[in-house]
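Step one of this worksheet: look at the structure below.
The values are calculated or read from the model by the stated rules, or taken from the named source; none is laboratory data. Since we're looking at a predicted model, the values are computed, not measured. Backbone-built Cβ (ideal geometry, glycine too); neighbour counts: all protein chains shown.
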Amino acid sequence: MDYDKMKVVELKAECQKLGLSVGGLKKELAERLKEAAAAPAGGAGAVAAPAPAASAAPTIAEQHAFLDAAKTFSFAKVKQLVLDNPAYANCQPSGRWTALHQAGLAGDVDMVKFLIARGADVKCTTTDGRTPWAVAKPECKALLEPPGAKGKAGGKQKAAAQSGPPPKSQKVSMKGSTAQVRYGGTAAKSGGQVQQVVKGRAAADASCPHAAEMHVYDGGGDDVYDALLNQADIGENKNKYYILQLMESDASPHTYYTWNRWGRVGEERALQNAWRGPMSLGAARADHCKKFHDKTKNEWHARGSFAPQSGKYTLLARDYGTDSAAAAPDAAAAAAAESGAGKAPVKSQLDSRVQSFVSLIADVKMMERQMLEIGFDSEKMPLGKLKEATILQAYAALKELSELLVTGGGGGGG
């Protein structure tokens with residue numbers, strides 16, 4: 001019997017039949033069975049008689065049913081099935097989340113201990129590269145830490161350690177010492193209304209799967225680490241965009257990632273994005289600046305004097321400063337107060353709860369913020385508030401095009 005070609009579930013079933021331990025990795029199970037097969041009958045290495053009424057390996061359908069129970073956190077049922085047949089502890093058809101993954105996600109310490117005692121493998125990974133440790137609640141992390149990894153983040157493991165269920169598909173790779181994840185399904189592809197997460201002066205890209213718990217890093221002044229690039233070439237039918245954002249976690253201590261998304265304008269395709277990290281702030285800045293230079297041949301710190309390069313992306317410069325329009329009402333109010341035109345507010349006799357409700361429905365700033373979060377800004381429109389220089393460049397290009405059309409028309413008529 002070729003044990004090396006057998007699956008883990010089959011190896012465990014054979015170990016059960018021979019009364020051997022079912023713990024360990026596939027290689028260890030195979031070696032254990034080989035040693036048992038090579039031992040002389042009745043000799044020093046003789047194997048104990050098969051355990052009575054050994055359970056057969058569960059079928060694929062039974063394994064899926066077992067994992068469905070684990071997915072709904074029906075751990076009483078899971079425990080009974082494992083007690084009846086320990087082979088369930090490590091079943092993982094189609095690379096699904098194992099019972100150990102689900103127990104860790106639920107934060108069920110007792111269930112995690114039970115499964116590990118029955119031979120569940122803490123090193124097993126799913127098709128999206130996650131270990132039980134990566135998805136576990138803090139109270140289960142210590143139990144699920146792989147041997148030899150104590151105190152370490154664990155490369156890909158930490159890169160994949162996110163709260164909640166994983167995206168539909170993702171591809172994990174390593175760029176030097178930094179994990180890079182590419183997502184096959186993002187918010188912008190789900191259909192319906194896409195909500196932008198607005199925190200600070202720049203909105204996190206709505207397609208980023210981590211936008212809810214991250215924000216765009218703001219270094220102060222015009223140093224907002226957010227860039228929208230465009231490359232258009234009518235002759236080659238090109239109209240591409242490239243988004244770069246340096247993301248800082250909302251929670252402390254802060255962690256830093258870089259998010260890039262690219263493609264044809266108006267389209268979003270699977271895996272045309274990259275999420276790199278976690279990194280230090282310095283490393284994330286360096287990654288962001290390098291990517292900006294690669295795409296534009298301009299330095300990030302000198303983007304104020306951006307010079308378009310042939311065959312490269314152009315920066316659509318956006319203004320992250322205080323809007324003059326927003327400042328105008330405050331200035332008018334100050335002037336009115338100075339001239340004595342401002343009147344003291346009338347004290348209301350309404351119940352405080354009614355006052356609060358009326359204030360809410362009359363809060364124009366709140367309405368504007370909600371509109372901004374669904375991607376519409378009546379002042380700035382979808383591209384954000386473009387800098388005056390960007391608009392003037394566009395007018396200059398249109399003027400040049402107009403002159404060419406007029407010249408061409410005159411030449412054709414002669």
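Below, the figures for the structure above:
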item	result
Any hit, segment 135-145, residues being within 16 Å of Leu25 (Cβ to Cβ) and either crowded, with 16+ Cβ neighbours inside 10 Å or out of contact with any Lys or Arg (no Cβ under 6 Å at 6 or more places or on another chain) (or both)	yes
Number of positions in segment 91-100 that are assigned to a helix (DSSP H, G or I) and either basic (Lys, Arg) or at pLDDT below 90 (or both)	3
Members of segment 1-27 found to be outside any helix (DSSP H, G or I) and either touching a residue at least 60 places away in the same chain (Cβ under 8 Å) or among the acidic types (Asp, Glu) (or both), listed by number	Asp2, Ser21, Val22, Gly23, Gly24, Leu25
Residue match in segment 28-49 (condition: touching a Lys or Arg at 6+ places or on another chain (Cβ under 7 Å) and either at pLDDT 85 or above or in a loop (DSSP other than H, G, I, E, B) (or both))	no
Filtered residues of segment 101-138 (kept if among the hydrophobic types (A, V, I, L, M, F, W, C) and in a loop (DSSP other than H, G, I, E, B))	Ala120, Val122, Cys124, Ala136
Single condition Gln196 does not satisfy, out of (1) farther than 19 Å from Met279 by Cα; (2) outside the structural domain of Val8 (by TED's automatic domain parsing); (3) modelled with pLDDT of 75 or more	(3)
Positions within segment 246-280 being in contact with a helix residue (DSSP H, G or I) (Cβ under 8 Å, 6 or more places away or on another chain), buried (at least 21 other Cβ atoms within 10 Å of the Cβ) and polar (S, T, N, Q), in sequence order	Thr258, Asn260
